[in-house]
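One structure below.
The values are calculated or read from the model by the stated rules, or taken from the named source; none is laboratory data. Just so we're clear, the structure is a prediction, and the values are computed from it rather than from any experiment. All Cβ positions, even for glycine, are placed from backbone atoms using ideal geometry, and neighbour counts span all protein chains on display. Note: accessible area is taken over every heavy atom of the protein model, side chains too, but ligands, DNA and RNA are not part of it. Shrake-Rupley method; radii C 1.70, N 1.55, O 1.52, S 1.80 Å.
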Amino acid sequence: MAPGSLLSVLTRLPTLASTSSNVQLVMLLISDSLPLRAFDATPLPQIDFPAYTKPEIQKILGLHAPDSLYSTSNRPDVEGDLDPAELKKIWNGLTSAVIDTYGVGMALDVPTILKISRNLWPEIVQPIIDHGVIEEETGEMVYGRVDFTGLFALAKRKGLFTGEEVLKRFLNLNANHITQGSFYESRV
Amino acid sequence: MTFDSNPGIARLDAIYPCRRDQFRMLYLLLGDPNFPSPPVVCLTGFPKGGKRSCARAFLKETSSTYIWIDCLETLSPALFFTKLVNELRKLEDPESPRIRLNADTTSSVGAVREALQSLNGKIVLVWFLRCTKLTIRLLRILDV
């Protein structure tokens, strides 16, 4: 049998199992596109996974919102952090800005947008950390009311969302993908 | 148990949001172990749309018996059938020795039939066709 008919053979494998009454073989074919030629254009049950819309991407990224202003390498000297709700609000603002800046025209996927957002997070929240004050009674660090528009304006002034920085960040990310493998693969 | 009342589906929906319709379809087509499924089901969509993770999570959550084969690990029919037959044999006996098939597809199909004889229930064979440039080139060479 010619190797060219491999896919046709595979799709007919379930009929082998039908000769035995105890077992049923179901073939689940996962692919970017449907190789219709192999099926002689026979209609098959097909489940389509459409591309995510912006609100859907944000909903997914919302599951990965950071639980602290600080990272493991940048622990604070004094106790205290922002409320989780405030952190989520900043995170949502950041992911929205990342999608609008990097996603449009580049068709970025969810793992890439997540990686860019995580890379930007420390720089975005640095002004909040800088303006934290120690409360005398509790000895904890407290932070003022956070407005994402202001943070975004500061980040833009630093060039995080404009000019060469965008391109550099994206190129660095691609280089990391090549050297370290796909981020998506590591998640799965 | 219906789709909406299934706690496993609720868990999947929480981990993989925005893919409820796809899980519903998978549940309808593969969810009931006693109800026959279509012989072939295709999952299609853009890369990184969650096809693979959703399928794997669904099969795990519904405790389905499945064999996962990645086309990049099985570039030739011989490699594919060797992997398939060994996985089928493992379902019956995890300690069964590995066998190696030759390039003859007809005898490989016979080996699959033989391996299926001693099995029961519904077995989902997942074939992940990764359409990288290399795969597309190989498929063209193989005329698949």
Quick one: in the stretch A:11-42, of everything that is aliphatic (A, V, I, L, M) and at pLDDT 75 or above, which residue is surrounded by the most Cβ atoms within 10 Å (Cβ to Cβ)?
A:LEU28
Quick test of your reading of the structure: B:PHE23 fulfils all but one of (1) surrounded by fewer than 20 Cβ atoms within 10 Å (Cβ to Cβ); (2) more than 8 Å from chain A (Cβ to nearest Cβ); (3) not in a loop (DSSP other than H, G, I, E, B). Name the failing condition by number.
(1)
A:LEU82 - would you say it is under 14 Å from the mean Cα position of the chain (by Cα) and of a type in the set (A, V, I, L, M)?
no
Which pairs do you get when a residue that is of a type in the set (Gly, Ala, Ser), found in the stretch A:10-21, comes within reach of a residue that is at pLDDT 65 or above and outside any helix (DSSP H, G or I), reach meaning Cβ atoms under 6 angstrom, with the pair 6+ apart or on two chains?
A:ALA17/A:VAL23; A:ALA17/A:GLN24; A:ALA17/A:LEU25
Condition check for B:PRO47: open to solvent by 70 Å² or more (accessible area, probe 1.4 Å), touching a strand residue (DSSP E or B) at 6+ places or on another chain (Cβ under 7 Å) and modelled with pLDDT under 90:
no
Might you let me know whether the stretch B:37-47 holds any residue that is under 19 Å from the mean Cα position of the chain (by Cα), closer than 28 Å to A:PRO43 by Cα and more than 9 Å from chain A (Cβ to nearest Cβ)?
no
If you scan the stretch B:90-114, which residues turn out to be more than 10 Å from chain A (Cβ to nearest Cβ), touching a helix residue (DSSP H, G or I) at 6+ places or on another chain (Cβ under 6 Å) and not in a loop (DSSP other than H, G, I, E, B)?
B:ALA111
Out of all the residues in the stretch B:1-20, which are modelled with pLDDT of 85 or more, among the charged types (D, E, K, R) and not in a helix (DSSP H, G or I)?
B:ARG19
